[in-house]
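What follows is a single structure, written as C-alpha cells, with notes after it.
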C-alpha cells in the first residue's frame, strides 16, 4: 500500500514535470495492427535521435487508418491492403490533394492448425486451402490434403475452420491469395478486410484465432507470420506458383517481393500474393504508410520526410529482429525518389 | 402446527444458506480474477511500470506511466461532466417533477445506458473529434462521462425516493424551504446509496476501451494538457493483450491490476472523506 | 406546484431556482439521448434506403457484396443477455440478501467493497479470462455435463467449440452481477427496520420476513438494478466478441457460436470503409437502441402489473 501511494505521488510529480517540459512536435498516425511492433520500435528510435519530434502511432486497424487520414484527424495512416480507387478519390475530394503509399516492410499470412497426431509442417496446395475455407473439403484425410503429405497420418475428422472476426489486413492478404488461386472463391467471397465467410468460427485478432485453434482439435486458421514465429505455433507450407512447397520465413517473403519489385507501379500499390519465383512464399504482402502529398505544416512535413528517409535506410535494419522482412533494394530506391513528391 | 413450523424453519434456514452460497460464489469469482491477474501480471509491477513510458517490444522494462496519468485525467474529467448531470437530474426526478416528465427522463436514461460503448465512442467522435479534426483527452472524457450519467441519475432518484417521509416532513415542519430540505436533510440521508452508484459508474467507465479508441485515441508519449490524444490503461491493455509478445501480455495483466488498484483507492478515498451523514434508523 | 405568483417573484425564491437548475440537467439527459438517436438515424440513411424493413429479417452479412441484415445479431444479443440475466439475477439477489440481512455489517461492507471492484475489471480482461478459463471449461466440463443427459433438447445440442452463446452469457453474467448485488444491497439496507420487526413480531421466520416483506418493499430498486444489468449486457462489446465465436448464424443450441450487435460493431467498425458498410453498422446500433427501448417497455409493463397485484408498497 505504501509503495502504491509512493508510486502515485511520484507519478504526480513526474506528470507535473512533463507538463512543464517543452512542447515537442506531435505527429499522429493511425492504422494497421500488423506492423505495430516495428513502427513502435522505429518511432521510439527516431525519437531518441530527434527528441523534439514525437511520432504517435496507434494501431486501430487499416480501415480506421484510411478513414482517419482521409478525415484529417491524423497526419498519416497505415494499411496492410492498399487503398482502392474509390478510397483514393474520396481522399482527393476531401483533402484536395492526393494520398501517397509508401511500403515499409513485408509480412505474410501462414496456415496454422491443430491436428491430433500431427506435429510437423503440413503441405497445402492452393486447391486444398481454397476448398477448406470454402467448406467443400471437410475432412482432414481428404485426398487434396493427404496427397502432398504422404507419410503423415491424417485422421478422418471434420475440419474446424477458424478465421478473423475483426476486419484485418491479414484477412485481406489471405482472401487476396485465395481469390487469385480459386475462381470460385473470387466469385463467392472475394477479397476484403472483412468477408462473408462460408464456414468457420471467428476469432478476434491473431490472439483470438490462435487461442481458438489451440483449444479446438482439428482446427485450421491463418495468422500473421510474426505472430506464429513469436509464439512457436506450428504452421504449414504452401505451394507457390512455381510448384514448390515453401514455408514462410524472412527469405521466402523477401523473395516474393523481389519478383514484384521489377514491375512495381509508381504509386506502389501492388499485390504480391502468389508471386513468381521458385523460393517465393505465395501469401506475402507489403504494408504501407499513407502520406498526404501536400502537408501544410512545414514542421510536420519535414519531420515526416526525414523519418521516411531514415526508415528506408537505417530503419530497415530493425525489421528482421522482429520477424519482418526487409524491403528489396529496388523498392527502396524507388521510394527514396518518391519522397520528393511530398510537398 | 409444530410440523408446519419446523418446515418453515427448515425452509428459512435453507434459503438463507443459499443466499450465503450466492454471496460466496460472487466473491469467490472476484478473488479468482484478482488472483489470476496477480499471478500473471504481478511480476511486471515494479517502479518502472509507474514511472516510465512504454518501450517498444523486445526491449525490457518500460512502463505505463502515461497511461496511468491519462486514465486518471480521463476519469476526473468524465466525473466532472457526468456526475453533476446525473445527480442533479436525479434530484429533479425525485423532488420536483411530475410522473410524466419523470417517466420520459427515466426512459431516456435507461436507453442511454444500453448503448454499446463503441456507439458512444462513435457519437463522441462525430461531436467532438471531427469538428476539431483532432483526438483529445476531452473527447474521451466526454464519451466516458456520457456513460456515467444513466447509473448516477437512476440511482440518485432511487435513493432520494427511499428517504423516509418523516425526515422530509420533519424538516419542512421546522420551516425549511424545499431546496434547503433537499440539500441538508434528504441528500445526506441518501448519500450512501448515491455514492455507491457514482463509484460503480466510475468503476465501469474506468475499464472501457471502445469509447476511447476514437476519442482519446492513444499516445506513446506524455499528453500535454487536455487537447491532445492520451494513453489510457484500458487501451494499453487491449493493445498489449492482443499482441504476439509474452512480455507485453504480462504488462497487460499488470495494467489490469493497476487499474483495479486505482479504482480501489478512489473508492476508499471517497468513502472515508464522505463518511459523515445522518444516521438513518434501521 | 408553484401557484399564481409571478414568475419573477417565484424566481427569488430559492426553490424555484433549484427546480429550474435541476430541470435543465434532467432535460439535458433527454436531449443527449435524442441527439444520439438523431446522429445514428442520419448516419444510417443508406441501408434504410437500400434495404428498408428487410434489414430486420435478412440473415446475410456480406461486406464484399454489400448485403447486410440484422437478424443473426439481434438473435445473439437477445440470447446472450437472457442467459446472462438468468444466471446473474438469482445469484445477485441472493448475494444481496445475504449481505444486507445476514452478514454482520463489517463483513458486509468489506465484501461489498470487493464486489464493487468486479465492476472495474476492464472488459478486455473479462474477455481474456473468458478465453483462457470459461471456454475450456465449457468444452470440457459444462458441455458434456449438459449434453450427455439432455442432448436431445435443441438448446443443448452439440457440437461445442468452447465459444458460443452460453459462454458469452456466462461471461456477461459475471460482468453484471456487481451491479445487481451492489444496488440491491443498498436498497435492501434502506428498508426501515420496523418493517422487518413487524413481520417477525407476527411470527414469520427470518426467511419469510425477508422474502415476503423486505424484498417487496425494495422491489423497484431491485428491478432498477436488473435494468442496469440488462443494459450492460446488451451493450457489452469487447468481452463478448472474444468468446461468442463471431459467426453470424442463428442456431437453437446454446453451445453454438453466434454474434451480437455490439460485438460485430466493435469488430468491424474500425476497418469498415465504404459508406454502405459503415452505415449498416451504425444501423445495427440503431437496432440495438430499438431493442433496448422495447425490452425496457416490456419490463416496465411487468413491474406495473406485479405491483398492482402484489403486496409490495409501491414507491
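Just the residues that are buried (at least 23 other Cβ atoms within 10 Å of the Cβ) and closer than 13 Å to residue A:27 by Cβ, please, taken from the range A:44-67.
A:55, A:56, A:57, A:58
Please tell me if residue C:298 is away from chain A (no Cβ under 13 Å), free of Cβ contacts under 8 Å to residues at least 12 places away in the same chain, out of contact with any helix residue (DSSP H, G or I) (no Cβ under 9 Å at 6 or more places or on another chain) and under 23 Å from residue B:109 (Cα atoms).
In short, yes.
Of everything in the range A:193-229, what is in contact (Cβ under 8 Å) with a residue 60 or more places away in the chain and under 15 Å from the mean Cα position of the chain (by Cα)? Give them in sequence order.
Result: A:193, A:205, A:222, A:223, A:224, A:225, A:226, A:228, A:229.
Within the range C:4-60, how many residues are outside any helix (DSSP H, G or I), within 14 Å of chain B (Cβ to nearest Cβ) and either surrounded by fewer than 16 Cβ atoms within 10 Å (Cβ to Cβ) or modelled with pLDDT of 90 or more (or both)?
Total satisfying the criteria: 1.
Within the range C:111-138, which residues are surrounded by 21 or more Cβ atoms within 10 Å (Cβ to Cβ) and farther than 18 Å from residue C:172 by Cα?
Result: C:111, C:112.
Look through the range B:231-246, keep the residues that are buried (at least 22 other Cβ atoms within 10 Å of the Cβ) and touching a residue at least 60 places away in the same chain (Cβ under 8 Å), and return whichever of them is nearest to the other protein chains (Cβ to nearest Cβ). Talk me through it step by step, then tell me what you get.
Pass one, the range B:231-246, residues buried (at least 22 other Cβ atoms within 10 Å of the Cβ): B:231-244.
Cutting the leftovers down to touching a residue at least 60 places away in the same chain (Cβ under 8 Å) gives us B:231-236, B:243.
Values: B:231: 9, B:232: 10, B:233: 7, B:234: 5, B:235: 8, B:236: 10, B:243: 7 Å.
Once the filter is applied, the top-ranked residue is B:234.
Report whether or not residue A:253 is more than 14 Å from every other protein chain (Cβ to nearest Cβ), touching a helix residue (DSSP H, G or I) at 6+ places or on another chain (Cβ under 8 Å) and either part of a helix (DSSP H, G or I) or farther than 28 Å from residue A:343 by Cβ (or both). Don't jump to the end; show me each part of the working.
Values: more than 14 Å from every other protein chain (Cβ to nearest Cβ): yes; touching a helix residue (DSSP H, G or I) at 6+ places or on another chain (Cβ under 8 Å): yes; either part of a helix (DSSP H, G or I) or farther than 28 Å from residue A:343 by Cβ (or both): yes.
Criteria met by residue A:253.
Residues are listed down the side, and each one gets a yes or a no for (1) surrounded by fewer than 21 Cβ atoms within 10 Å (Cβ to Cβ); (2) outside any loop (DSSP other than H, G, I, E, B):
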| site | (1), (2) |
| --- | --- |
| A:154 | yes, no |
| A:177 | no, yes |
| A:186 | yes, yes |
| A:190 | yes, no |
| A:206 | no, yes |
| A:214 | yes, yes |
| A:223 | no, yes |
| A:226 | no, yes |
| A:229 | yes, yes |
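For the range C:89-106, how many residues meet the condition of being more than 10 Å from chain B (Cβ to nearest Cβ) and part of a helix (DSSP H, G or I)?
Result for the range C:89-106: 2.
Which one is nearest to the other protein chains (Cβ to nearest Cβ), of the residues in the range C:218-257 that are surrounded by fewer than 22 Cβ atoms within 10 Å (Cβ to Cβ) and over 19 Å from the mean Cα position of the chain (by Cα)?
So the residue we want is C:249.
Does residue A:147 satisfy the criteria of being part of a helix (DSSP H, G or I), more than 30 Å from residue B:118 (Cβ to Cβ) and over 24 Å from the mean Cα position of the chain (by Cα)?
Yes: the conditions hold for residue A:147.
Give the residue, chosen from B:44, B:12, that is facing another protein chain (nearest Cβ under 8 Å) and either at pLDDT below 90 or closer than 25 Å to residue C:95 by Cβ (or both).
The unique qualifying residue is B:12.
Name every residue in the range B:176-185 that is within 18 Å of residue C:17 (Cα to Cα) and away from every other protein chain (no Cβ under 12 Å), in order of residue number.
B:184, the sole residue that qualifies.
Conditions first: (1) at pLDDT 85 or above; (2) not in a helix (DSSP H, G or I). Residue C:140 passes all but one, so which condition is the exception?
All conditions pass for residue C:140, except number (2).
Among (1) touching a residue at least 40 places away in the same chain (Cβ under 8 Å); (2) over 20 Å from residue C:125 (Cβ atoms), there is one condition residue B:52 misses while meeting the rest; what is its number?
(1)
Does residue C:161 count as under 13 Å from the mean Cα position of the chain (by Cα) and either crowded, with 24+ Cβ neighbours inside 10 Å or in contact (Cβ under 8 Å) with a residue 24 or more places away in the chain (or both)?
no
Name the single residue that is nearest to residue A:208 (Cα to Cα) among those in the range B:201-230 being under 19 Å from the mean Cα position of the chain (by Cα) and more than 10 Å from chain C (Cβ to nearest Cβ).
Going through the qualifying residues, I end up with B:212.
Quick test of your reading of the structure: residue B:250 fulfils all but one of (1) within 13 Å of chain C (Cβ to nearest Cβ); (2) more than 19 Å from the chain's Cα centre (by Cα); (3) buried (at least 20 other Cβ atoms within 10 Å of the Cβ). Name the failing condition by number.
(3)
Please go through the range A:31-42 and give me each residue that is within 11 Å of chain B (Cβ to nearest Cβ) and out of contact with any helix residue (DSSP H, G or I) (no Cβ under 8 Å at 6 or more places or on another chain), ordered by number. Let's see the steps before the verdict.
Within the range A:31-42, the first condition is being within 11 Å of chain B (Cβ to nearest Cβ), and the residues that meet it are A:33-34, A:36-42.
Result: A:39, A:40.
The values are calculated or read from the model by the stated rules, or taken from the named source; none is laboratory data. Predicted, not measured: the structure shown is a model, and the values here were computed from it. Because the Cβ atoms are built from the backbone with ideal geometry, glycine has one as well, and the counts that use them run over all protein chains shown.
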